[in-house]
1. Just checking, which of Leu298, Leu324 is in the same structural domain as Ser374 (by TED's automatic domain parsing) and in contact (Cβ under 8 Å) with a residue 24 or more places away in the chain?
2. Among Lys76, Lys43, Lys90, which is the only one that is within 30 Å of Met338 (Cβ to Cβ), basic (Lys, Arg) and assigned to a loop (DSSP other than H, G, I, E, B)?
3. Could you tell me which residue of the range 160-216 is surrounded by the most Cβ atoms within 10 Å (Cβ to Cβ), considering only residues that are over 16 Å from the mean Cα position of the chain (by Cα) and among the aromatic types (Phe, Trp, Tyr)?
4. Pull up the range 46-73, narrow it to residues that are assigned to a helix (DSSP H, G or I) and not β-branched (Val, Ile, Thr), then point me to the one that is surrounded by the most Cβ atoms within 10 Å (Cβ to Cβ).
5. Just the residues that are farther than 16 Å from Thr283 by Cβ and not hydrophobic (A, V, I, L, M, F, W, C), please, taken from the range 260-270.
6. Checking the conditions here, which among Lys4, Lys76 is surrounded by fewer than 16 Cβ atoms within 10 Å (Cβ to Cβ), touching a residue at least 40 places away in the same chain (Cβ under 8 Å) and more than 22 Å from Met185 (Cβ to Cβ)?
7. Suppose the filter is of a type outside the set (Asp, Glu), in contact with a Cys (Cβ under 9 Å, 6 or more places away or on another chain) and assigned to a strand (DSSP E or B); does Leu37 pass it?
8. Do we find a residue being under 29 Å from Met338 (Cβ atoms) and in contact with a Pro (Cβ under 7 Å, 6 or more places away or on another chain) anywhere in the range 183-205?
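The values are calculated or read from the model by the stated rules, or taken from the named source; none is laboratory data. What you see is a predicted model, and the numbers here were worked out from it, not measured in a lab. Backbone-built Cβ (ideal geometry, glycine too); neighbour counts: all protein chains shown.
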Amino acid sequence: MKKKEYDVVICGAGAAGLLFAYRLNQDPFFKNHSVLLIEAAPKNTNDRTWAFWEKQSGPLEEIVYHRWEQGLFNSKSHRQELHFQPYTYKMIRGIDFYNHIRPRLEKNPQMEWVQTRVSSFVNQQESTLVQTELGSVVGKKVFSSIYHESLVKNQKKYPVLQQHFVGWVVKTTDACFDSNKITFMDFDVPESKATRFMYILPFSANKALLEDTFFSSTLLSKEVYETAIKNYLKRLGVTSYEIQEREQGSIPMTVYPFHQHNTSSLLHIGTAGGWTKASTGYTFQNTLSETARLIEFLKSKASLDRFHQSSKFEYYDMLFLDVLARYNERGSELFSLMFQKNPVQRIFKFLSNETGFWEDLLIMRSFPIRWFISAFWKRLF
């Protein structure tokens with residue numbers, strides 16, 4: 001680290017940290033701000049993918065790896081072809097994201113990237129001391145995407161599930177995928193006492209990403225997920241294939257108030273800041289909107305602990321998680337009812353936190369009312 005103090009210190013170079021740094025770098029308002037980005041990993045491999053939906057072209061359009069305008073929802077009780085217009089479903093690969101943003105940051109003499117691990121934060125009167133394995137540095141404003149699982153594990157007030165998955169990118173000998181259509185959720189998978197589905201993003205007729213995905217509290221051995229993917233490929237009639245890439249992840253689904261750990265000079269961002277959509281585990285879309293909002297917020301020079309905005313969607317997510325945690329084996333039924341009774345455009349709008357009251361009501365009417373009344377009363381009393 002070249003300095004002892006920076007205007008901005010960003011801890012973590014995942015989606016939130018890098019996208020925030022990218023927006024800082026693009027905005028002339030911050031051209032004289034010294035910025036330090038701290039990340040433990042080299043970020044030189046395709047360690048993850050991000051999928052999201054948009055109506056228009058977005059700020060990362062040139063690195064979108066694939067786009068789809070159609071999808072499929074399937075369960076044992078409901079099968080539905082999905083037409084996303086005016087939305088487009090998009091996927092970005094981690095390696096393309098890193099290779100697009102990092103060189104642009106390195107061209108800015110005001111930005112510095114250090115590979116080390118952050119150990120702790122110490123709140124000072126008008127700044128935050130960041131302690132790392134290479135020493136300490138002061139940030140006038142510090143932004144951390146470092147997630148601490150213990151925060152949500154050591155409490156009982158807010159439900160906590162995990163979106164956990166194992167994914168394979170496979171290349172098949174024969175053509176067997178429709179590259180124009182994603183499988184959004186396929187619940188027609190082996191019986192489980194949890195919400196479980198297969199998620200497929202096809203890139204060509206013989207190449208696709210398949211993920212065995214759970215919304216539940218308990219993670220399983222890798223063999224369980226991989227066996228499910230093998231069996232699903234057999235069901236598709238795939239007998240010869242090559243595994244080109246593997247991925248594994250676990251994303252917390254919770255409305256735990258991460259913002260209560262913010263201070264005037266320290267803001268938690270990304271999953272660590274509660275930017276993950278609690279009811280689905282989608283994070284990238286919120287990251288796009290929240291980093292844009294954060295840039296404008298910083299121009300006001302307000303205290304960072306005033307950045308968080310509460311909304312009705314936090315309460316909706318909490319009730320949905322309460323129900324999903326209690327009736328986890330019936331997740332297929334819940335999602336089937338939602339897709340059966342609502343157009344996918346309304347669902348995307350709701351999951352983007354953009355619906356009005358009447359649209360909210362139409363979504364809520366999709367579900368067994370007694371389950372949600374029970375969750376509501378438990379929250380009241």
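1. Details: Leu298 fails: in the same structural domain as Ser374 (by TED's automatic domain parsing).
Sole residue among the options that is in the same structural domain as Ser374 (by TED's automatic domain parsing) and in contact (Cβ under 8 Å) with a residue 24 or more places away in the chain: Leu324.
2. Details: Lys43 fails: within 30 Å of Met338 (Cβ to Cβ); Lys90 fails: assigned to a loop (DSSP other than H, G, I, E, B).
So the residue among Lys76, Lys43, Lys90 that is within 30 Å of Met338 (Cβ to Cβ), basic (Lys, Arg) and assigned to a loop (DSSP other than H, G, I, E, B) is Lys76.
3. Only one residue tops the list, namely Phe197.
4. Looking only at the range 46-73, we keep the residues that are assigned to a helix (DSSP H, G or I), and these are 61-63.
Retained after the next criterion (residues that are not β-branched (Val, Ile, Thr)): 61-62.
Values: Glu61: 12, Glu62: 9.
Filtering first and then ranking leaves Glu61.
5. Step one: of the range 260-270, the residues farther than 16 Å from Thr283 by Cβ are 260-267.
Residues satisfying the conditions are Gln260, His261, Asn262, Thr263, Ser264, Ser265.
6. Working: Lys76 fails: more than 22 Å from Met185 (Cβ to Cβ).
Answer to the check: Lys4.
7. Numbers: of a type outside the set (Asp, Glu): yes; in contact with a Cys (Cβ under 9 Å, 6 or more places away or on another chain): yes; assigned to a strand (DSSP E or B): yes.
So Leu37 fits the description; yes.
8. From the range 183-205, those under 29 Å from Met338 (Cβ atoms) are 183-203; that's our starting set.
Subset that is in contact with a Pro (Cβ under 7 Å, 6 or more places away or on another chain): none.
Looking through the range 183-205, none of the residues is under 29 Å from Met338 (Cβ atoms) and in contact with a Pro (Cβ under 7 Å, 6 or more places away or on another chain).
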